[in-house]
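Any read-out appearing in this document is the output of simple, stated calculations on the displayed coordinates, not a laboratory observation. If you're wondering where the values come from, they're calculated on a predicted model, not measured in any experiment. Every residue, glycine among them, receives a Cβ derived from its backbone with ideal geometry; neighbour counts consider all protein chains shown.
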């Protein structure tokens with residue numbers, strides 16, 4: 001007999017909510033070593049997508065729309081790798097808020113996951129930036145790649161704080177929607193297609209992804225130090241990261257995780273609690289019922 005396990009249809013939203021909570025519990029209770037290793041991988045995966053994005057932006061022949069859209073399309077490689085190959089990404093893990101709101105994990109477990117994964121993501125993304133710089137990659141196109149990453153990082157550093165925060169919020173709404181929709185899929189193709197469009201949208205719109213910035217801004221700092229053209233500062237890098245991380249948290253955990261919790265999980269609990277239980281029969285009534293059924 002065919003079962004739901006072997007079906008081809010996407011999971012319904014209510015089932016996605018249940019699966020996100022189950023995955024959230026597993027993530028929150030994962031042992032430290034694999035959690036850190038998977039976090040480093042996720043940072044490197046997002047860095048790879050960012051590397052491709054910079055190559056597209058380095059092409060001066062592309063117009064604004066083409067540059068942003070194609071850049072977003074190739075950047076989606078990062079989240080496809082995270083989703084399909086398996087890794088722990090801070091921005092996607094903001095959905096742990098659903099399991100927390102349902103009481104299945106505690107606040108210390110959520111904070112432990114977020115802090116460890118965010119730190120590991122930084123190691124993976126910044127570490128990839130160092131390797132990419134050492135490889136001479138930024139000299140491609142007569143130095144066009146290096147100049148492009150400097151322009152991108154400077155624009156991020158010069159963002160007013162409220163804009164950086166709000167762009168972080170909007171970015172992670174789309175990232176967590178990509179993760180949410182990927183949870184509906186049953187195949188690699190399903191998951192990849194679910195990820196590509198929301199990720200392309202946030203990159204094309206110029207929103208701020210904290211883990212991508214952990215690759216782009218350190219790489220720009222390395223490029224400028226090698227060329228003695230100081231512009232991107234360590235203070236600027238960490239200020240941007242702090243503000244964008246806060247925005248990502250609000251966008252992912254509140255505007256996606258908690259909203260879907262209220263819609264699907266909280267509503268189900270309220271509906272279940274509102275169902276009147278069948279009253280228990282008194283002892284004499286139960287005996288009479290047994291006699292009647294015996295007849």
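What do you get for the angle between helix 210-227 and the principal long axis of the chain? Use alpha-carbon atoms, 0 to 90 degrees, nearest ten.
Compared with the principal axis, the helix lies near 10 degrees.
Can you tell me the order of 161-170, 148-157 when each peptide is scored by its average per-residue count of other Cβ atoms within 10 angstrom, highest first?
148-157, 161-170
Rounded to the nearest 0.05, what FRET efficiency is calculated for residue 266 and residue 69 with R0 set to 35 Å and r the Cβ-Cβ distance?
Working from the Cβ atoms, E equals 0.40.
Ratio of region 99-161's C-alpha Rg to 2.2 N^0.38 Å, to two decimals? Display every interim value, and only then the final one.
Values: Rg = 18.2 Å, N = 63, 2.2 N^0.38 = 10.6 Å.
The reported ratio for this selection is 1.71.
Taking R0 as 30 Å, what's the FRET efficiency between residue 15 and residue 242 from their Cβ-Cβ distance, rounded to 0.05?
In this case the efficiency is close to 0.25.
Calculate the radius of gyration of the Cα atoms of region 127-188 to one decimal place, then report Dmax, the largest Cα-Cα distance, as a whole number, both in Å.
Computed over the Cα atoms of region 127-188, radius of gyration and Dmax are 16.9, 44 Å.
Could you tell me which of rounded, prolate or oblate describes region 79-202, using a ≥ b ≥ c as the square roots of the eigenvalues of the alpha-carbon gyration tensor, with rounded for a/c under 1.5 and, failing that, prolate when a/b is larger than b/c and oblate otherwise?
Cα axes put region 79-202 in the prolate bin.
Per residue of the chain, what 222 nm ellipticity follows from adding -39500 (n - 2.57) for every DSSP H run with n ≥ 4, rounded to the nearest 500?
Details: 13 runs with 204 residues, N = 295.
Rounded to the nearest 500, it is -23000 deg cm²/dmol.
Relative contact order of region 2-138, please, whole-number percent, based on alpha carbon pairs below 8 angstrom and at least 6 residues apart.
Once divided by the residue count of region 2-138, the mean separation gives 38 percent.
Compare the peptides 73-86, 198-211, 29-42 by average per-residue count of other Cβ atoms within 10 angstrom and give them in order, highest first.
Per-residue Cβ counts within 10 Å, averaged per peptide and sorted highest first, yield 198-211, 73-86, 29-42.
Grab the Cα-Cα distance for residue 130 and residue 62, subtract it from 0.36 nm times how many residues apart they are, and report the gain in nm with one decimal.
Residue separation times 0.36 nm, minus the Cα-Cα distance, leaves 21.7 nm.
Which angle between 0 and 90 degrees, to the nearest 10, do you get for helix 64-75 versus the longest principal axis of the chain when only C-alpha atoms count?
The angle comes out at about 60 degrees.
What number in nm² do you get for region 10-270 if you take the convex hull of its Cα atoms and divide its surface by four?
Mean projected area for region 10-270: 13.5 nm², to one decimal.
Please compute the Cα-Cα pair-distance distribution of region 1-115 with 10 Å bins starting at 0, giving whole percents from short to long.
13, 31, 29, 20, 7, 0
May I ask you to derive the FRET efficiency for residue 104 and residue 235 from their Cβ-Cβ distance with R0 = 51 Å, giving the value to the nearest 0.05?
Details: r = 39 Å, r/R0 = 0.77.
The value I calculate is 0.80.
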